[in-house]
Amino acid sequence: MSDNDQYLDMFFAEARDYIQMLNDNILQLEENPENKEVINSLFRAAHSLKGMSATMGFNTLTELTHKLENMMDKIRNGEIVVDTEIIDLLFAGIDHIENIVAQIKENGNEDIDIDGFLKQLEKQISVAKNRKPEEKEEKPAELGLELSSEEIENIRENKKELDTVYQIKVLLADETEFKQARASMIFKSASELGYIVKSEPKKEEIAEVELENNKIKIILVSSQTEEDIQAEIMNITDIKEVKIEEIKLPEKEEGDKKDSGESKNMTNSFEVSSTVRVDINKLDKLMNMIGELLINKTRLQALNIKSDGFKEVLPQLDRVTMDLHHTVMQIRMEPVGVMFNRFPRMIRDLAKEEGKEIDFIMKGKETELDRSIIDELGDPMTHLLRNAVDHGIEKPAEREEKGKDSEGTINLSAYQKGSEIIIEVKDDGSGINIDKVVQKALTKEVVSKNEIEEMDRHEKLQLLFEPGISTKEEVSDVSGRGVGMDVVKRTIASLDGEIFIESKADKGTKFRISLPLTLAIQEALMVKINDEIFAIPLNAISETLKIKTEEIKQVKGSDVIVLREKTIPLIDSRESLNLDIDYGQYKDKKEIPIVIVKSGAKEIGLIVDELLYQQEIVIKSLSNYLNNVPNISGATIIGDGEVALILDVRDIA
């Protein structure tokens with residue numbers, strides 16, 4: 001890779017971060033137009049993006065970010081009032097930035113016409129030139145002790161979190177006889193309340209100067225309240241009046257390394273840390289090497305060499321290999337907030353377009369997931385959320401007719417449950433009309449009437465994931481619940497995940513996605529079927545047991561067992577895998593090994609020949625020629641160097 005390519009990769013990565021920061025801050029600005037910290041953060045992000053663009057020689061992007069920076073400066077100075085029109089204009093600017101960056105990434109040029117938008121920006125900036133800045137309350141001249149830049153910097157370095165900077169003016173009574181003594185007492189009291197930055201007259205000169213107009217001026221840094229400070233000083237004899245005002249320190253100059261630029265409470269704050277950006281392809285290659293190391297370690301263990309040195313080295317190798325594996329896994333993990341942060345802007349725009357009021361709530365953004373899964377999950381999550389806006393949430397008038405609040409709610413949450421990550425999309429909208437789903441499925445001949453009669457509510461909802469099933473009467477530019485849902489399920493299945501639906505009429509709908517922490521390495525139970533070894537992922541297993549032949553019952557012609565008062569269907573693994581079957585072989589067995597596997601809320605008992613051992617397996621995908629083998633999701637290499645196929649229990653169930 002050339003130096004220029006490396007700089008470009010860095011530019012694209014940082015541009016993505018700044019674009020997200022701009023989006024997040026504009027959303028916050030829309031909520032609170034007076035938030036100066038947000039405005040300053042916007043200005044800094046635009047300024048940094050402009051500097052990066054200029055360095056790389058992207059002139060169109062530089063001009064656009066420069067104009068946006070000018071507008072944000074006018075907002076910061078109160079010359080432009082933040083309203084819906086300004087917010088929309090800022091968002092349009094971010095969209096143009098994204099389009100230009102995408103164009104550069106794809107074609108290496110900025111061949112996008114933004115002249116019309118630049119004129120819009122220039123118009124707003126020109127209007128601002130003729131508008132006086134909002135009048136700010138000036139401090140009375142009598143309180144005006146000015147701080148030098150050195151004094152301001154000193155305050156910043158020493159000021160604690162709860163400290164406030166105050167201007168204090170103390171006026172002595174005209175009849176005061178011992179003014180210097182009273183002044184000394186004022187300084188002593190102020191010093192006990194905090195620390196004095198500046199005063200007039202100076203503390204060390206108090207005995208040598210006359211007090212002009214009986215006034216003492218002090219700049220004090222203190223954690224005390226104005227009321228406490230005033231009460232303390234007023235307790236001194238001969239004090240006529242105490243005036244106190246809080247001082248707001250000026251903003252730091254651009255480029256000051258001590259200024260993080262974000263409020264600690266802001267969702268998009270970027271903490272300074274010692275990090276480096278690593279190409280995901282390099283991590284994939286490293287993970288493959290770790291996988292090969294795990295395979296060879298397993299083969300070494302299988303050799304069972306009778307040597308003291310071997311027995312001593314093997315546990316150490318095992319420990320180092322496991323530590324290395326877990327470390328690389330941690331490097332690959334990324335908070336789902338990286339993906340979640342793109343959605344508030346999308347929800348806001350869609351809600352405005354549809355004339356709906358939506359409160360979008362995100363939880364669990366810190367939950368970590370393998371980066372490769374996050375990359376693939378973006379499109380399905382976008383589809384589910386767009387569906388929630390378009391079909392889940394009703395318009396305000398319709399919600400009020402139903403006795404609901406005019407503002408709908410969409411919740412997006414993530415949390416870890418064992419070795420899985422659960423992501424949920426929940427809305428309080430109209431819910432899914434199951435009758436329409438069934439009717440559409442019958443019309444499309446996805447199922448027959450007899451099959452529908454055998455289905456429960458959950459199974460009917462699952463029909464939404466069949467191609468072409470939609471409850472939407474009209475085609476929408478946004479999305480439709482059911483339109484493309486087959487693609488959503490297929491993508492999640494390719495990530496070794498599952499998706500489930502819960503819905504109640506006029507109460508809302510919840511989609512729950514279950515995903516593995518990583519796709520590369522998993523714990524598995526090794527079983528023997530017809531003298532061949534197969535792997536079953538541990539996260540798909542509820543339990544294992546051995547049953548007697550007489551415990552197998554018949555329900556509607558199918559084998560079942562009753563486990564803790566729950567009827568569980570039995571499936572012969574050889575039948576599912578199209579292997580040779582000897583139906584009489586179980587009669588001679590005292591015990592039959594069973595693996596209880598789960599697929600969503602459904603459980604089945606998988607009959608196998610032998611339960612072997614638990615092992616950490618490296619998952620290898622099958623070749624393109626074997627991609628769609630039923631009931632098989634991949635392969636792994638076991639201790640003796642042979643290949644073992646991995647069972648896909650979702651297909652079997």
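The values are calculated or read from the model by the stated rules, or taken from the named source; none is laboratory data. Predicted model, so just to flag it, every value in this text is computed and none were measured. A quick note on method: Cβ atoms are made from the backbone with ideal geometry, for glycine too, and the neighbour counts reach across all protein chains shown.
Brief remarks on what is shown
- For first residues located in the range 300-311 and within 19 Å of Gln615 (Cα to Cα), partners that are in a loop (DSSP other than H, G, I, E, B) and lie 6+ apart or on another chain with Cβ distances below 7 Å form the pairs Gln301/Gly639; Ala302/Gly639; Ala302/Asp640.
- Near pairs, Cβ below 7 angstrom, 6+ apart or cross-chain, from the range 162-191 (without any contact (Cβ under 8 Å) to a residue 60 or more places away in the chain) to any residue that is of a type in the set (D, E, K, R): Arg182/Asp238; Phe187/Lys203; Ser189/Glu232
- Of the residues making up the range 370-411, just one is more than 22 Å from the chain's Cα centre (by Cα) and among the β-branched types (Val, Ile, Thr), namely Ile393.
- Pairs, first in the same structural domain as Leu68 (by TED's automatic domain parsing) in the range 93-108, second in a helix (DSSP H, G or I) and hydroxyl-bearing (Ser, Thr, Tyr), C-beta under 8 Å, six or more apart: Ile97/Thr65; Ile100/Thr60
- Residues within the range 496-529 that are of a type in the set (A, V, I, L, M, F, W, C), part of a loop (DSSP other than H, G, I, E, B) and modelled with pLDDT under 85, tallied: 3
- Residues in the range 413-437 that are under 16 Å from Asp390 (Cα atoms) and in contact with a strand residue (DSSP E or B) (Cβ under 6 Å, 6 or more places away or on another chain): Val425, Lys426, Asp427, Asp428, Gly429, Gly431, Ile432.
- Test: residue in the range 591-598 that is more than 38 Å from the chain's Cα centre (by Cα), surrounded by fewer than 17 Cβ atoms within 10 Å (Cβ to Cβ) and either at pLDDT 85 or above or in a loop (DSSP other than H, G, I, E, B) (or both): yes
- Of residues in the range 380-412 being touching a strand residue (DSSP E or B) at 6+ places or on another chain (Cβ under 6 Å) and assigned to a loop (DSSP other than H, G, I, E, B), the one farthest from Glu523 (Cα to Cα): Glu407
- Residue check, Gly337 on the phi > 0 side of the Ramachandran plot and either in contact (Cβ under 8 Å) with a residue 60 or more places away in the chain or not basic (Lys, Arg) (or both): no
- Out of Glu14, Glu69, Glu34, Glu79, one residue alone is of a type outside the set (Lys, Arg), free of Cβ contacts under 8 Å to residues at least 40 places away in the same chain and in a loop (DSSP other than H, G, I, E, B). It is Glu34.
- Summed over the range 347-366, residues that are part of a strand (DSSP E or B) and under 10 Å from the mean Cα position of the chain (by Cα) total 2.
- Considering the range 241-298, the residues that are touching an Asp or Glu at 6+ places or on another chain (Cβ under 7 Å) and not polar (S, T, N, Q) include one that is modelled with the lowest pLDDT, namely Phe270.
- Some residue of the range 164-181 being within 14 Å of Ile247 (Cα to Cα), surrounded by 15 or more Cβ atoms within 10 Å (Cβ to Cβ) and either acidic (Asp, Glu) or touching a His at 6+ places or on another chain (Cβ under 6 Å) (or both): no
- Options Glu357, Glu376; residue that is more than 27 Å from Asn281 (Cα to Cα) and surrounded by fewer than 18 Cβ atoms within 10 Å (Cβ to Cβ): Glu357
- Residue satisfying all of: in the range 495-511; among the charged types (D, E, K, R) and more than 21 Å from the chain's Cα centre (by Cα); surrounded by the fewest Cβ atoms within 10 Å (Cβ to Cβ) among these: Lys504
- Single condition Ala535 does not satisfy, out of (1) farther than 29 Å from Asp379 by Cβ; (2) out of contact with any strand residue (DSSP E or B) (no Cβ under 7 Å at 6 or more places or on another chain): (2)
- Residue match in the range 318-328 (condition: in contact (Cβ under 8 Å) with a residue 60 or more places away in the chain, buried (at least 16 other Cβ atoms within 10 Å of the Cβ), in a helix (DSSP H, G or I) and under 28 Å from the mean Cα position of the chain (by Cα)): yes
- In this entry, Leu90 is excluded by the filter for residues that are buried (at least 20 other Cβ atoms within 10 Å of the Cβ), at pLDDT 85 or above and touching a Gly at 6+ places or on another chain (Cβ under 8 Å).
- Annotation note: of Leu377, Leu369, the sole residue that is among the hydrophobic types (A, V, I, L, M, F, W, C), in a helix (DSSP H, G or I) and in contact (Cβ under 8 Å) with a residue 24 or more places away in the chain is Leu377.
- When residues in the range 162-184 are screened for being aromatic (Phe, Trp, Tyr) and at pLDDT below 85, 1 of them pass.
- Sole residue being at pLDDT 85 or above, surrounded by 13 or more Cβ atoms within 10 Å (Cβ to Cβ), of a type outside the set (Ser, Thr, Tyr) and more than 43 Å from the chain's Cα centre (by Cα), chosen from Asp609, Asp559: Asp609
- Here Glu232 meets the list (1) exposed (fewer than 13 other Cβ atoms within 10 Å of the Cβ); (2) touching a Ser or Thr at 6+ places or on another chain (Cβ under 8 Å); (3) without any contact (Cβ under 8 Å) to a residue 60 or more places away in the chain; (4) of a type in the set (D, E, K, R) almost entirely, failing just condition (1).
- Asn77 vs. criteria in contact with an Asp or Glu (Cβ under 9 Å, 6 or more places away or on another chain), surrounded by fewer than 19 Cβ atoms within 10 Å (Cβ to Cβ) and under 22 Å from Leu29 (Cβ atoms): yes
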